[in-house]
Amino acid sequence: MYKKPAADVSIVSKDSYLSRKSHGMLPSTDYKQADKREKVVLKKKVTLLRGISIIIGTIIGAGIFISPKGILQHTGSVGMSLIVWTACGIISLFGALCYAELGTCIKKSGGHYTYILEAFGPLPAFVRVWVELLVIRPAATAVISLAFGRYILEPFFIQCEIPELAIKLVTALGITVVMVLNSMSVSWSARIQIFLTFCKLIAILIIIVPGVMQLIKGETQNFKDAFVGKDVSVIGLPLAFYSGMYAYAGWFYLNFVTEEVENPEKNIPLAICISMAIVTVGYVLTNVAYFTTITAEELLLSNAVAVTFAERLLGKFSLAVPIFVALSCFGSMNGGVFAVSRMFYVASREGHLPEILSMIHVRKHTPLPAVFVLLPLTLIMLFTGDIYSLLNFLSFARWLFIGLAVVGLIYLRYKRPEMHRPFKVPIFIPALFSFTCLFMVALSLYSDPINTGIGFAITLTGVPAYYIFVIWDNKPKFFRLFSDKLTRLLQILLEVVPTDENIS
């Protein structure tokens, strides 16, 4: 297994930090809690309920409410689209079960990064976290945040178009609130995530219940000849699965915080199975509900299916739907930042990212630098970048590395058969899931070679970056001095220190 290089002695330890404070060298703050010598580590505060809320809260974003037409477009019929929704839920469950095995036998946070590191070594793991930090996570956060900004303003601009600047300003505020929340308290972040998850489920029930009532009334005309429509092309069906798998993406986020999960051997598999069952049933029933009121042709023309559905069945109460969509987006933002910051924290601990990112607040016990590192990049992309193009460039990278992580599960079965595996899946499950992921990656190279090629090129920049920032030991003296001074300055400003478990 890859080992982190020796720590730089120039960092400020916790004892040195408190000593400097007592001599007036640090900001005047109440450090009574820190002086009690309580260990500075990330606490195990993720219970089973909180684990379920992380998974459901990050899977269910804006997509199921706004535009689930991608699958219908590529399948060509109502019946086939419902089959694909169900199949994608089952395949995602297979992937989640694979991650349940990985999370119970490798009890370290970090998700994809950690599993690739354990199976295949530091280079592919670094490339994974490099792409995540620079583009994937800031762009993904900006996209879901834009949906939050648009729908939180929707009730105030019923009769007119929402100004783009207003959307971006509200979006920037929402992103900042999420970052502050995750840096202040793990417990409060988790509690809010539970509340927002319940809001998402209520929003889905607001759609499902009237839909079921429509079925009881006999509104089934849109299900007659359900498999009649345009023929499914050879490329169309895999693209429909790609859209479906994207809608279910998020089942892996609990594995990013494994070290903070209470009783992970029991709670990780339970949380994954319960969450995936709820999401799959909810997604399928939501789509059934849509078709009780909206025809396939109308659904393809709608930019916000849930709003169209609510306007037809719920009257004035339909104004509540945009609010629920906004809360759903906020929950996805919160869960994503909470989980992915742990990937950066672990990568820094392993020596792959700047050391400041593996430090935590002396009193709040949150990985504050790893949370806030996303803020400037996300805001830059929000105001200047073509975010959707960036996501198109790199959407294949997510499935490439998830597939690689699951291939790593198969590899570890043979490389390290003695590894304790309290939860073990049949070998056909990781084999089928990894094949599905790699097939989607190959398909994207065929169907969209330009954008995928650009994404592939961006991913490859991680290779020289690895040799420059990680392997190269003889960096210029001025660079080392600047890095040391910057680290110490950020420690003082952010009030963070290395975790007690990382201090030799």
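The values are calculated or read from the model by the stated rules, or taken from the named source; none is laboratory data. Predicted model, so just to flag it, every value in this text is computed and none were measured. Note that each Cβ is placed from the backbone with ideal geometry, even for glycine, and that neighbours are counted across all protein chains shown. To get the accessible areas, we keep the full protein, side chains included, count just its heavy atoms, and leave off ligands, DNA and RNA. Shrake-Rupley method; radii C 1.70, N 1.55, O 1.52, S 1.80 Å.
Specify the residue that is nearest to Glu101 (Cα to Cα); the eligible residues are those in region 435-458 that are among the polar types (S, T, N, Q) and open to solvent by 10 Å² or more (accessible area, probe 1.4 Å).
Looking at residues that are among the polar types (S, T, N, Q) and open to solvent by 10 Å² or more (accessible area, probe 1.4 Å), I get Thr436.
Please work out which one of (1) closer than 26 Å to Asn267 by Cβ; (2) acidic (Asp, Glu); (3) surrounded by 11 or more Cβ atoms within 10 Å (Cβ to Cβ) is the condition Glu418 fails and give its number.
Every listed condition holds for Glu418 apart from (3).
From Gly453, Gly462, Gly403, Gly408, grab the single residue that is at pLDDT below 85 and within 25 Å of Leu133 (Cβ to Cβ).
Answer to the selection: Gly453.
It is to be established whether one or more residues within region 208-227 are aromatic (Phe, Trp, Tyr) and either surrounded by fewer than 20 Cβ atoms within 10 Å (Cβ to Cβ) or closer than 23 Å to Cys105 by Cβ (or both).
yes
Assess whether Thr75 counts as being in contact (Cβ under 8 Å) with a residue 40 or more places away in the chain, surrounded by fewer than 24 Cβ atoms within 10 Å (Cβ to Cβ) and of a type in the set (S, T, N, Q).
In short, no.
Scan region 480-489 and give yes if some residue there is buried (at least 17 other Cβ atoms within 10 Å of the Cβ), more than 30 Å from Cys273 (Cβ to Cβ) and touching a Pro at 6+ places or on another chain (Cβ under 9 Å), otherwise no.
The answer is yes, given that some residue of region 480-489 is buried (at least 17 other Cβ atoms within 10 Å of the Cβ), more than 30 Å from Cys273 (Cβ to Cβ) and touching a Pro at 6+ places or on another chain (Cβ under 9 Å).
Inspect all residues belonging to region 169-176 and state whether any of them is more than 30 Å from Val362 (Cα to Cα) and either at pLDDT below 85 or not hydroxyl-bearing (Ser, Thr, Tyr) (or both).
yes
When the residues of region 62-80 are narrowed to those that are at pLDDT 75 or above and outside any helix (DSSP H, G or I), which ends up nearest to the chain's Cα centre (by Cα)?
Applying the first criterion (at pLDDT 75 or above) to region 62-80 yields 64-65, 68-80.
Within this subset, residues satisfying the condition of being outside any helix (DSSP H, G or I) are 68, 76-77.
Details: Pro68: 19, Gly76: 30, Ser77: 30 Å.
The qualifying residue nearest to the chain's Cα centre (by Cα) is Pro68.
Count, please, the residues in region 106-137 that happen to be in contact with a Pro (Cβ under 7 Å, 6 or more places away or on another chain) and assigned to a helix (DSSP H, G or I). Full working, then the answer.
Looking only at region 106-137, we keep the residues that are in contact with a Pro (Cβ under 7 Å, 6 or more places away or on another chain), and these are 107, 116.
Still in the running and assigned to a helix (DSSP H, G or I): 116.
Matching residues across region 106-137 total 1.
Sort out which residues of region 294-324 are surrounded by fewer than 21 Cβ atoms within 10 Å (Cβ to Cβ) and of a type in the set (Val, Ile, Thr), and write them in order of number.
If the condition is that a residue be surrounded by fewer than 21 Cβ atoms within 10 Å (Cβ to Cβ) and of a type in the set (Val, Ile, Thr), then Ile294, Thr295, Val307, Thr308, Ile323 are the ones that fit.
Can you confirm whether Tyr151 is open to solvent by 10 Å² or more (accessible area, probe 1.4 Å), among the hydroxyl-bearing types (Ser, Thr, Tyr), in contact (Cβ under 8 Å) with a residue 12 or more places away in the chain and part of a helix (DSSP H, G or I)?
So Tyr151 fits the description; yes.
Determine whether region 189-201 contains at least one residue that is open to solvent by 60 Å² or more (accessible area, probe 1.4 Å) and β-branched (Val, Ile, Thr). Show your work before the answer.
Start the filter on region 189-201 by keeping residues that are open to solvent by 60 Å² or more (accessible area, probe 1.4 Å), which leaves 191, 195, 198.
Those left that are additionally β-branched (Val, Ile, Thr): none.
No, region 189-201 contains no residue that is open to solvent by 60 Å² or more (accessible area, probe 1.4 Å) and β-branched (Val, Ile, Thr).
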